[in-house]
Amino acid sequence: MKHTVNQKTHWYDYLWIWSIIYFALGFFNILFAWLGMIDFILPLIFAIVGGNKWFCNHMCGRGQLFWVLGRKLKCSRGKKAPKWISSKWFRYGFLAFFLTMFGTMVFQTYLVFSGAESLRKAIKLFWTFKVPWKWAYNGSTFPDWVAQFGFGFYSLMLTSTLIGLIVMVLYKERTWCSFCPMGTMTQGICKIKAKKGA
Amino acid sequence: MKKAANDTGRCVACGVCALQCPRGAISIYRGCYADVNISMCVGCGICEKACPAGSIVVRETEDTGR
């Protein structure tokens, strides 16, 4: 029997491994948290330049990780998520909240940059719970604000992954995708581009 | 005939359905929503099972003969 198109595997089908490596690296050295910016910038480039969601569709390591854990390792109930989770107001509301938190994190970085505050070697889970993370930074040739951004960014990445894992277990494998701020943002850009006919 | 139909207003264009479709009948239209090629769809429902937004469903569709 002829193989169907979708049975071909590509190198980017294994990017879920990257998600795990990312968190492992940040555990040992917080400066690696900066690598997460790739996952912020690449989808935007795809959307702004290409007018597509190729990143979400083929390269998102986090989405793939939820699929591997949820479907292949059967860690998901696979139940339908409540409708409000993928509703427009929740998606854009969550995006607004996420961007506000990102802004707060950048401001915190600025405070360390300006010397108003000193570097705090801790990560914050769910924007609330402080977890000591001292071992991940013992000084470097970079100024302190670089590490502060690392701690803040790592917190953001870990928190969003944890939220994604929770909804993966409770509902469909990739429920996170239905309200992922990056996904909402890139789809919004694509919709504007498609409307303009660009 | 049973075919997949997508609620484009609800679709988040994540692409899980397209990845799972055994016929390659689904593509993501300009990053906006999943587009089902009805003539290729066999109505297996794999996409519906994967869809996190519940926007793609298999339902009885009138056969247009295409």
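Table for the structure above
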| item | result |
| --- | --- |
| Partner chain coverage, peptide B:20-32 - average Cβ within 10 angstrom | 6 |
| Dimensions (Å) - chain A, Cα atoms, principal axes, largest first | 63, 41, 33 |
| Chain A - percent relative contact order, Cα under 8 Å, separation 6 or more | 33 |
| Residue with peak Gaussian network fluctuation, chain A [Cα springs, cutoff 10 Å], from A:Leu125, A:Leu165, A:Leu73 | A:Leu73 |
| Over chain A: helical MRE at 222 nm, DSSP H runs n ≥ 4 each giving -39500 (n - 2.57), nearest 500 | -16500 deg cm²/dmol |
| Spherically averaged projected area in nm², based on the convex hull that wraps the Cα atoms of the stretch A:1-94 | 9.3 |
| Accessible area expressed per residue, the stretch A:5-196, with surrounding protein chains retained (probe 1.4 Å, Å²) | 52 |
| Solvent-accessible area of A:Lys130 with every protein chain in place, 1.4 Å probe, in Å² to the nearest 10 | 120 |
| Residues losing 10 Å² or more accessible surface upon assembly, the stretch B:38-55, compared with the chain by itself, 1.4 Å | B:Glu48, B:Lys49, B:Ala50, B:Cys51, B:Pro52, B:Ala53, B:Gly54 |
| Cα principal axis extents for the stretch B:2-60, largest first, Å | 23, 18, 16 |
| Accessible surface of the stretch A:53-198 [probe 1.4 Å, protein heavy atoms]: carbon and sulfur percent | 69 |
| Max mean-square fluctuation residue, GNM over chain A, Cα-Cα springs under 10 Å, options A:Thr141, A:Thr184, A:Thr159 | A:Thr141 |
| Interface size B-A, as summed buried accessible area [1.4 Å probe, Å², nearest 100] | 2200 |
| Solitary cysteines of the protein assembly as shown, where the nearest other Cys Cβ is not under 4.7 Å | A:Cys56, A:Cys60, A:Cys75, A:Cys180, A:Cys190, B:Cys11, B:Cys21, B:Cys32, B:Cys41, B:Cys44, B:Cys51 |
| Members of the stretch A:47-72 that become less accessible by 40 Å² or more once partner protein chains are added (1.4 angstrom probe, chain alone as reference) | A:Lys53, A:Asn57, A:Trp67, A:Arg71 |
| Minimum 40 Å² accessible area buried by the other protein chains, the stretch A:141-190 residues, probe 1.4 Å, relative to alone | A:Lys172, A:Arg174, A:Gln187 |
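The values are calculated or read from the model by the stated rules, or taken from the named source; none is laboratory data. None of these values were measured; they are calculated from a predicted model. Neighbour counts are summed over all protein chains in view; Cβ atoms, including those assigned to glycine, are modelled from backbone coordinates with ideal geometry. With ligands, DNA and RNA removed, areas are computed over all heavy atoms of the protein, side chains included. Shrake-Rupley method; radii C 1.70, N 1.55, O 1.52, S 1.80 Å.
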